[in-house]
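Chemist: Have a look at the structure that comes next, please.
The values are calculated or read from the model by the stated rules, or taken from the named source; none is laboratory data. In this text, all values refer to a predicted model and were calculated from it rather than measured experimentally. Glycine gets a Cβ as well: all are built from the backbone with ideal geometry, and neighbour counts include every protein chain shown.
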Amino acid sequence: MAAVNHERLKQLFLDIARIDSLSRCERDVAMRLKHELESAGASCRFDDTAEKVRGNVGNLIAHLEATREGVAPLLLCAHMDTVAPGEGVKPVVEGDIVRTDGTTVLGGDDKSGCALICEVLHQVRELGLAHGPVDVVFTVCEEIGLLGARHLDLNLVRAREGLVYDSDSPRHLVVSAPSAQGLRFTVRGLEAHAGMVPERGLSAIKVAAEAIAAMRLGRIDDETTANLGVIRGGRAGNIIPNEVTVNGEARSRDGRKLAAQVQHMVRCFEDAVAQAAVTVDGNRVQARLEYRAVPAYAGMKVAEDAPIVRKVIEAARRIGREVVTAATGGGCDANIFNHRGLVVANLGTGMHDIHTVREWLDLREMAAAAEVTVELIKLHAEA
Ligand SMILES: [Zn+2]
């Protein structure tokens, strides 16, 4: 039975939860984690991602040297940044549950992953396990587009397979995640005084509203979603607006469904714009549309029979736990790693209601993920 030091794990989590680490400002928490990893016997360095993302620190990369020859290196990864409102976090512990005071997120996404990885390294050393090389990567700027993983210097990472810890249940090993497209629509109409000459204007806001009203949004099917999340436009209540910009996204685990949904959203805007025109002094002015669809990230699909997947499930079974493979609607660093040629699945950590001020962490679940990982490192060295 793999063990973890529950008290040490909890204290480290509470410690780092209290350190502010919004995206691009992860240095303080990175230094605390570096200290923890070094105290567990790992050697640490940072890559040059800080400059590339204009942040105050790069990705933290730690190597734990093997105590057994001939074992393939294993990657353990979590991200250090948190979403807003995430400054001045005051964790409140109620038994095995940690919440906030309701004014901030907890940052269990993803400091639970950071904390449990550190505890795994402590255990590996204290139990004197025979193990292969372990590479720990704590990324920056995950929450603003997986930037840390995108820019990670893979020359500093020996492992080509492993785990990201960035989802809710430690009973779930996420092997499938959607591709996402960021979308931006700009509708242009014609400006006019709303009280004196409204017939000389063409409201970009009204045109966009018609497009949006005709659009399928939210959950499209079991693997496809779409959202428009930001609208900006107009100058004043008495001016017919000549421009409005609408930002959103579409996601799907099926590439064809993603393309179809993006096409549908574009078509809704095109149809609304095509029907909107005004004639001023004998000249017909037609509403216009510009749009951009930018791939936000590629999906991930790790084979159910990939060695890393089989080993995690077997490691859990050996310590009397069940882990099953799962699909998610979110993206994480694993999307990028798989795209960059690694094989990386995503194990849950006990984080819940993330990206809200109601976020909470189940300490038993965080410990369970650590236990499974200690057993995984053991099992991986046997093969
Ligand atoms: Zn996360």
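Chemist: Is there a residue being assigned to a loop (DSSP other than H, G, I, E, B), of a type in the set (Asp, Glu), away from the ligand (no atom under 16 Å from the Cβ) and closer than 30 Å to THR373 by Cα anywhere in region 221-237? Steps first, please.
Modeler: Within region 221-237, the subset assigned to a loop (DSSP other than H, G, I, E, B) is 222-223, 234-237.
The next check asks that each one be of a type in the set (Asp, Glu); those that pass are 222-223.
Those left that are additionally away from the ligand (no atom under 16 Å from the Cβ): 222-223.
Subsequent filtering for residues that are closer than 30 Å to THR373 by Cα retains 223.
Yes, region 221-237 contains at least one residue that is assigned to a loop (DSSP other than H, G, I, E, B), of a type in the set (Asp, Glu), away from the ligand (no atom under 16 Å from the Cβ) and closer than 30 Å to THR373 by Cα.
Chemist: Could you pull out the residue among THR67, THR82 that is under 22 Å from the mean Cα position of the chain (by Cα) and either buried (at least 23 other Cβ atoms within 10 Å of the Cβ) or touching a residue at least 40 places away in the same chain (Cβ under 8 Å) (or both)?
Modeler: THR82
Chemist: May I pose another question? Could you list, in sequence order, all residues of region 78-97 that are more than 16 Å from the ligand (Cβ to nearest atom) and under 17 Å from CYS114 (Cβ atoms)?
Modeler: PRO91
Chemist: Another question about this same structure. Give the residue, chosen from ILE117, ILE144, that is surrounded by 24 or more Cβ atoms within 10 Å (Cβ to Cβ) and either hydrophobic (A, V, I, L, M, F, W, C) or in a loop (DSSP other than H, G, I, E, B) (or both).
Modeler: Values: ILE144 fails: surrounded by 24 or more Cβ atoms within 10 Å (Cβ to Cβ).
Exactly one residue qualifies, and that residue is ILE117.
Chemist: What pairs come up if the first residue lies in region 150-166 and is modelled with pLDDT under 95, the second is in a helix (DSSP H, G or I), and their beta carbons are under 9 Å apart, counting only those six or more places apart or on different chains?
Modeler: none
Chemist: For the subset of region 147-170 comprising residues that are more than 17 Å from ASP109 (Cα to Cα) and assigned to a loop (DSSP other than H, G, I, E, B), which member is farthest from the ligand (Cβ to nearest atom)?
Modeler: So, considering only residues that are more than 17 Å from ASP109 (Cα to Cα) and assigned to a loop (DSSP other than H, G, I, E, B), the one farthest from the ligand (Cβ to nearest atom) is ARG158.
Chemist: Would you confirm whether or not region 214-234 contains a residue that is out of contact with any Leu (no Cβ under 8 Å at 6 or more places or on another chain), in contact (Cβ under 8 Å) with a residue 60 or more places away in the chain, more than 25 Å from CYS332 (Cα to Cα) and of a type outside the set (S, T, N, Q)?
Modeler: No, because not a single residue in region 214-234 is out of contact with any Leu (no Cβ under 8 Å at 6 or more places or on another chain), in contact (Cβ under 8 Å) with a residue 60 or more places away in the chain, more than 25 Å from CYS332 (Cα to Cα) and of a type outside the set (S, T, N, Q).
Chemist: What are the residues in region 343-378 that are more than 14 Å from the ligand (Cβ to nearest atom), assigned to a loop (DSSP other than H, G, I, E, B) and either crowded, with 24+ Cβ neighbours inside 10 Å or of a type in the set (D, E, K, R) (or both), if any?
Modeler: Selection gives ARG358 alone.
Chemist: Of all residues in region 253-304, which are part of a loop (DSSP other than H, G, I, E, B) and in contact with a Pro (Cβ under 9 Å, 6 or more places away or on another chain)? Reasoning before the result, please.
Modeler: First, pick out the residues of region 253-304 that are part of a loop (DSSP other than H, G, I, E, B): 253-254, 275-276, 281-282, 287, 298-299, 302-304.
The answer is ARG253, ASP254, GLY299.
Chemist: Only residues that are part of a loop (DSSP other than H, G, I, E, B) and either away from the ligand (no atom under 14 Å from the Cβ) or among the β-branched types (Val, Ile, Thr) (or both): list them for region 120-141, please. Give the steps one after another, and end with the answer.
Modeler: Let us first name the residues in region 120-141 that are part of a loop (DSSP other than H, G, I, E, B), namely 127-133, 140-141.
Listed by number, the residues that qualify are LEU127, GLY128, LEU129, ALA130, HIS131, GLY132, PRO133, VAL140.
Chemist: If you don't mind, another one. Criterion first (within 29 Å of ALA78 (Cα to Cα), within 16 Å of the ligand (Cβ to nearest atom), small (Gly, Ala, Ser) and crowded, with 19+ Cβ neighbours inside 10 Å) does ALA180 satisfy it?
Modeler: On the way: within 29 Å of ALA78 (Cα to Cα): yes; within 16 Å of the ligand (Cβ to nearest atom): yes; small (Gly, Ala, Ser): yes; crowded, with 19+ Cβ neighbours inside 10 Å: yes.
Yes.
Chemist: Of the numbered conditions (1) farther than 24 Å from ASN338 by Cα; (2) in contact with a helix residue (DSSP H, G or I) (Cβ under 6 Å, 6 or more places away or on another chain), GLN263 satisfies every one except a single condition; which is it?
Modeler: Single failed check for GLN263: (2).
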